[in-house]
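Working notes, beginning with the structure itself.
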Amino acid sequence: MPKAKLAAALFPNPLPAPEDLETRYPSRNLPEGARVTRFAPSPTGFLHIGSLYTAFVNQLTVRATGGVFFLRIEDTDKKREVEGGVQSLLESLAAFGIVPDEGTVRTDVSHTEEQGAYGPYTQSARRDIYQAFAKALVLQGLAYPCFCTEDELSTLRDEQGQAGAIQKGYWGKWARCRDLPVDEAIQHVQSGEPWVLRLRSNGNAEKRVPFTDEVRGKIEMPENILDAVILKTDGVPTYHFAHAVDDHLMRTTHVIRSEEWLASVPLHLELFRACGFKPPKYAHISAMMKSEDGGKRKLSKRKDPEAAVSWFARQGYPADAVLEYLMCLISSQFEDWRKANPAVPRESFPFTLKKMSASGALFDLVKLTDVSKGVIAAMSGTVLAGQATVWAREFDPQLADILAAHDGYLAQILAIDRDGAKKPRKDISRYGEVREYVSYFFDELFKSELPLPDEMTQENAAAILDAYEYSAGDDKDAWFARIRELAVRLGFAASPKEYKENPGAFKGHVGDVSAVIRAAVTGRPNTPDLWAICRVFGEERVRGRLRNAIDRIKK
Ligand code: GLU
């Protein structure tokens, strides 16, 4: 039994039997049609918006079928791992509503907490499981150790180049260790030479493998012919092998992942077949694109700050807005559906993988900003103030201190033209804009400027401010009537219409008069409802601002 000897030399330590693993992780008992999907990030500490998108699609497809969505940590590349990466990943995902049903749920320095019966869900804790299946492949002659050094491999590629090989890499007659006599291989192993384990591919470059991608439809690609590495020299599996073993044992029904893996599907199908596993369904999600100079390119971690999910949090886009926007990318029909169903949770949108675009989702910040304005406009003053305060505590501590010194004030401010309004203003697109939006309400932030209407002279403005008497007791009608009276008294028309009919007869119209008052109180030419603003200020502060403006003019 030479193969058994080789397997024993390669894997001297006791390993579980593959049959026992099959029993330990039985088929899931789920209703017909329920899907099992996963999000499988590497703990690099960086979450790309494209990864969030993929995770979101995974979760959505499960929620639509009553299945299971789990999180698996792919930490086989220890070089890329960042301390605390897993915990920060979990937190970023949770902040954007991605909460897996199973998998790693919490980590700290000494401890990883998992949920679910198909674990461990961290690849570094599954070493024996991969080795068990690798050993089974060796026993069947479907995998073999390779002792080639990096130098030998690069010489091989040069030789292939010169000989015009149909494909570069370790395959067929170029695969030197493929037909090494077993005894020789055992000797190499026993003398302590490093080895990797390779699949003994029986693919044929002339043949094609057909498969159906859930997003892209029917696809055909040449069969895999490479004797791909399945275990690295340290015994850790490659992505390809871990994918086959994990998604089989965790009973994943749909592998929804980024399109960068599409080209590897022939290898993956061969690995599933070699291991005796039924392959999952695949859905390859297009990369997130950005338009640039009339063309399209991938959103890049290096060039585009918005490639990082953390950027959206820092800017203060509500998570809900980001998710609503991602829905628009997932389906071109979502926007119409949303208009018809403004208050329905997005999970109820009839979502299918098949309708997703295969050509690349174009990430458009202008569109996100627009969606976000709609999401913020639907918040009450109290809710928006709460969210903005939480944001400020993390990203603008100076503002947070000011808000804390005026408890409840921000909610009052933000209620203006919002609470109870038929068409709430869509003028805030992210919490990061709240500071500027409300700055004139806070004496600490107010920049006293006096932007007067074009035709208004300083003298007329001073006369208006001198004569105007603000009374907090006035309702809106009485308040405006008082301004109109004042306008007429000072030689302004009582309405823009009247002014237009006979411009020579007036200094301006009532709108110009309120513009002066607005400028004095707020320092701005445009604001939400001035009457409501003055009520929030209170009589004394309004009068103070009016006086300051007069002093400014007279100085
Ligand atoms: N760890 C892989 C990645 O981050 C997972 C790909 C997959 O979903 O299978 O690209």
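The values are calculated or read from the model by the stated rules, or taken from the named source; none is laboratory data. Everything numeric in this text was worked out from a predicted model, so none of it was measured. Reconstructed Cβ throughout: ideal geometry from the backbone, glycine too, with neighbour counts over all protein chains shown.
Candidates S264, S291: the one that is touching a helix residue (DSSP H, G or I) at 6+ places or on another chain (Cβ under 7 Å), hydroxyl-bearing (S, T, Y) and either farther than 22 Å from R35 by Cβ or touching a residue at least 24 places away in the same chain (Cβ under 8 Å) (or both) is S264. I'd like to know if the stretch 219-238 contains one or more residues that are within 16 Å of the ligand (Cβ to nearest atom) and of a type in the set (S, T, N, Q). Yes: the stretch 219-238 contains one or more residues that are within 16 Å of the ligand (Cβ to nearest atom) and of a type in the set (S, T, N, Q). On the stretch given as the stretch 40-67, residues that are more than 21 Å from R106 (Cβ to Cβ) and either in a loop (DSSP other than H, G, I, E, B) or of a type in the set (S, T, Y) (or both) total 7. Entry remark, the stretch 438-486: residues being of a type in the set (V, I, T), closer than 23 Å to D551 by Cβ and under 51 Å from the mean Cα position of the chain (by Cα) number 1 in total. The combined condition, being within 18 Å of the chain's Cα centre (by Cα) and at pLDDT below 95, is not fulfilled by T54.
What about K232, is it within 25 Å of S258 (Cα to Cα) and among the charged types (D, E, K, R)? So that I can check it myself, show each step before the final result.
Details: within 25 Å of S258 (Cα to Cα): yes; among the charged types (D, E, K, R): yes.
In short, yes.
If you scan the stretch 42-61, which residues turn out to be of a type in the set (V, I, T) and away from the ligand (no atom under 12 Å from the Cβ)? Can you show your working first?
Going residue by residue through the stretch 42-61, those that are of a type in the set (V, I, T) are 44, 49, 54, 57, 61.
Scanning the stretch 42-61 gives I49, T61.
Residue-wise test of (1) free of Cβ contacts under 8 Å to residues at least 12 places away in the same chain; (2) β-branched (V, I, T).
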| position | (1), (2) |
| --- | --- |
| K373 | no, no |
| Q398 | yes, no |
| L410 | no, no |
| A415 | no, no |
| R430 | no, no |
| V438 | no, yes |
| P453 | no, no |
| M456 | no, no |
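In summary, F70 fulfils each of the numbered conditions (1) among the aromatic types (F, W, Y); (2) surrounded by fewer than 22 Cβ atoms within 10 Å (Cβ to Cβ); (3) within 12 Å of the ligand (Cβ to nearest atom) with the single exception of condition (2).
The single residue among F537, F506, F480 that is crowded, with 17+ Cβ neighbours inside 10 Å, over 23 Å from D427 (Cα atoms) and at pLDDT 95 or above turns out to be F506.
With respect to the conditions (1) away from the ligand (no atom under 16 Å from the Cβ); (2) over 26 Å from H188 (Cβ atoms), P18 lacks only one, and its number is (2). Filter the stretch 68-82 for residues that are touching a helix residue (DSSP H, G or I) at 6+ places or on another chain (Cβ under 7 Å) and not in a strand (DSSP E or B); which is modelled with the lowest pLDDT? In this case the residue turns out to be T76. The set of residues in the stretch 1-18 being closer than 14 Å to D128 by Cα and not aliphatic (A, V, I, L, M) consists of F11, P12, N13, P14, P16, P18. On inspection, S27 qualifies as at pLDDT 95 or above, more than 12 Å from the ligand (Cβ to nearest atom) and of a type in the set (S, T, Y).
Look through A94, A34, A9, A64 and report the one residue that is more than 16 Å from the ligand (Cβ to nearest atom), aliphatic (A, V, I, L, M) and within 30 Å of V138 (Cα to Cα). From the options A94, A34, A9, A64, the qualifying one is A9.
What about L249, is it closer than 25 Å to V36 by Cβ and either free of Cβ contacts under 8 Å to residues at least 40 places away in the same chain or within 16 Å of the ligand (Cβ to nearest atom) (or both)? Break it down into steps so the answer makes sense when it comes.
Working: closer than 25 Å to V36 by Cβ: yes; either free of Cβ contacts under 8 Å to residues at least 40 places away in the same chain or within 16 Å of the ligand (Cβ to nearest atom) (or both): yes.
Yes; evaluated as a whole, the condition is true for this residue.
Among all residue pairs at least 6 apart or on different chains, which show Cβ distances below 7 Å where the first residue, located in the stretch 143-160, is in a helix (DSSP H, G or I) and the second is surrounded by fewer than 17 Cβ atoms within 10 Å (Cβ to Cβ)? That search, which allows pairs on different chains as well, returns R157/K168; Q160/K168. All of D304, D234, D247 fail the test of being surrounded by fewer than 16 Cβ atoms within 10 Å (Cβ to Cβ) and out of contact with any Gly (no Cβ under 8 Å at 6 or more places or on another chain), apart from D234. In the set A313, A307, A287, only one residue is farther than 24 Å from V62 by Cα, under 14 Å from the mean Cα position of the chain (by Cα) and either among the charged types (D, E, K, R) or within 16 Å of the ligand (Cβ to nearest atom) (or both); that residue is A307.
Among the conditions (1) within 30 Å of I186 (Cβ to Cβ); (2) more than 16 Å from the ligand (Cβ to nearest atom); (3) in contact (Cβ under 8 Å) with a residue 24 or more places away in the chain; (4) of a type outside the set (S, T, Y), D77 misses just one, which is (2). Against the numbered list (1) of a type outside the set (V, I, T); (2) in a loop (DSSP other than H, G, I, E, B); (3) more than 30 Å from F133 (Cβ to Cβ), M289 comes up short only at (2). A Cβ distance below 9 Å, combined with a sequence gap of six or more or placement on separate chains, defines the contacts here; from the stretch 536-555, residues that are farther than 17 Å from E444 by Cα reach residues that are assigned to a helix (DSSP H, G or I) and polar (S, T, N, Q) in the pairs I553/Q458; K554/Q458. Any residue in the stretch 102-124 that is under 30 Å from A8 (Cα atoms), in contact with a Ser or Thr (Cβ under 8 Å, 6 or more places away or on another chain) and part of a helix (DSSP H, G or I)? Yes, the stretch 102-124 contains at least one residue that is under 30 Å from A8 (Cα atoms), in contact with a Ser or Thr (Cβ under 8 Å, 6 or more places away or on another chain) and part of a helix (DSSP H, G or I).
I'd like to know if the stretch 252-264 contains one or more residues that are at pLDDT below 95 and more than 13 Å from the ligand (Cβ to nearest atom). No, there is no match, as no residue in the stretch 252-264 is at pLDDT below 95 and more than 13 Å from the ligand (Cβ to nearest atom).
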